[in-house]
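Some notes on the structure that comes next.
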Amino acid sequence: MAKVNANQLRKGNVVEINGKLLAVIAAQNIQPGKGTPVTQLELRDLASGLKTTERYRTTESVERVFIEDREFTYLYTEGDIVTFMDVENYEQLGVPADVVGDQAVWLQDGMKVDIALYEGKAVSVTLPQTVTLEITETEPTVKGQTASSSYKPAIVSNGQRVMVPPHVSAGVRIVINIAEGGVYLERAKD
């Protein structure tokens, strides 16, 4: 463990506050017009799963716990447990769905993810920046509408709704930026 300034904390870090281990879900540095800058942390208790929000002056010290990052492969989801396999020793690890969070909808068979572990327990799961999926349904392309900057809704193979350019049609594989919540990037080059 080491003391760090509150403004150095990032998503995925683990801190110890009042004897409890808390994972940082979101960290935001706030610079008000007047007064002292503060860091607002959205935290999840590793033991109970409860979420809480804390504010610290940016110069206040917080006890940061160091964790191990390892690469895993996604296997399957059963109920509220998501199962991954360690790529080094092939051991399986069941992770509660709330640790994976909203990004669970983008998981694909065999997808490589990074899991932060503290004493063998998953603290956070980091997916790749992008994923390639096929469009299953979308509105038909309207001739002459390709120069427009408007986007149309499309449903991709995992059931998620993504906004795509008008020239993209059903059956096309596209690259989606999941780090920004599912934004169309480009046609897949495969």
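Taken together, the values in this text are just the output of simple stated rules run on the coordinates, not laboratory data. Model, not experiment: these values are computed from the prediction. Heads up, the Cβs are rebuilt from the backbone with ideal geometry, glycines too, and the neighbour counts pull from every protein chain shown.
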Quiz item: Could the peptides 48-61, 16-29 be put in order, highest first, of the mean number of other beta-carbon atoms found within 10 Å of their residues?
Solution: 16-29, 48-61
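Can you classify the range 100-190 as rounded, prolate or oblate using the Cα gyration tensor, where a ≥ b ≥ c are the square roots of its eigenvalues, rounded means a/c under 1.5, and otherwise it's prolate if a/b beats b/c and oblate if not?
Taking the square roots of the gyration eigenvalues as a ≥ b ≥ c, the range 100-190 is prolate.
For the range 31-190, what is the Kirkwood hydrodynamic radius in Å, using each pair of distinct C-alpha atoms?
Working: mean 1/r = 0.0536 Å⁻¹.
Taking every pair of different Cα atoms in the range 31-190, averaging 1/r and inverting gives 18.6 Å.
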Practice problem: Using the Karplus curve 6.51 cos²θ - 1.76 cosθ + 1.60 with θ = phi - 60°, work out ³J(HN,Hα) for each residue of the range 81-87 in order, rounded to whole Hz, and write x for Gly and Pro. | Solution: 10, 9, 9, 10, 10, 5, 6
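Could you pull out the chymotrypsin sites (Phe, Trp or Tyr not before Pro) across the range 76-167 that fall in loop regions by DSSP (anything but H, G, I, E, B) with no more than 12 other Cβ atoms inside 10 Å?
Values: sites: Y76, F84, Y90, W106, Y118, Y151; in loops: Y90, Y151.
Hits after loop and neighbour filter: Y90.
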Practice problem: For N13, enumerate residues with amide H under 5 Å from its amide H, sequence gap 5+ or separate chain, H modeled in the peptide plane. | Solution: V24
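Around F72, what is the net charge, scoring Lys/Arg as +1 and Asp/Glu as -1 over all other residues with Cβ under 11 Å from its Cβ? Present the calculation step by step, with values, prior to reporting the outcome.
Numbers: positive: R70, K112; negative: D69, E71, D86, E88, E91, D114.
Local charge sum for F72: -4.
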Quiz item: Going out from 0 in 5 Å bins, what whole percent of all Cα-Cα distances in the range 4-45 drops into each bin?
Solution: 6, 25, 28, 22, 11, 8, 2
Quiz item: According to the Cα gyration tensor, what semi-axes, each the square root of 5 times an eigenvalue, does the equivalent ellipsoid of the range 61-102 have, listed from largest to smallest in whole Å?
Solution: 23, 16, 7
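Assigning unit charges at the beta carbon (Lys, Arg +1; Asp, Glu -1) and nothing else, what dipole magnitude in debye, to the nearest 20, does the chain show about its Cα centre?
Values: 19 positive and 25 negative charges, 187 e Å.
Value, rounded to 20: 900 debye.
What does the charge count around E63 come to, taking other residues whose C-beta lies under 9 Å from its C-beta (Lys +1, Arg +1, Asp -1, Glu -1)? Spell out each step's value before the answer.
Working: positive: K3, R64; negative: E16.
It works out to a net charge of +1.
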Exercise. Would you list, by chain and number, the lysines whose Cα falls below 25 Å from the Cα of K51, excluding same-chain residues fewer than 8 positions away?
Key: K3, K11, K20, K121
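Rg to Rh for the range 1-110: what is it, with Cα atoms only and Rh by Kirkwood? Mind dumping the intermediate values first?
Values: Rg = 16.5 Å, Rh = 15.7 Å.
With Rh from the inverse mean 1/r over Cα pairs, Rg/Rh is 1.05.
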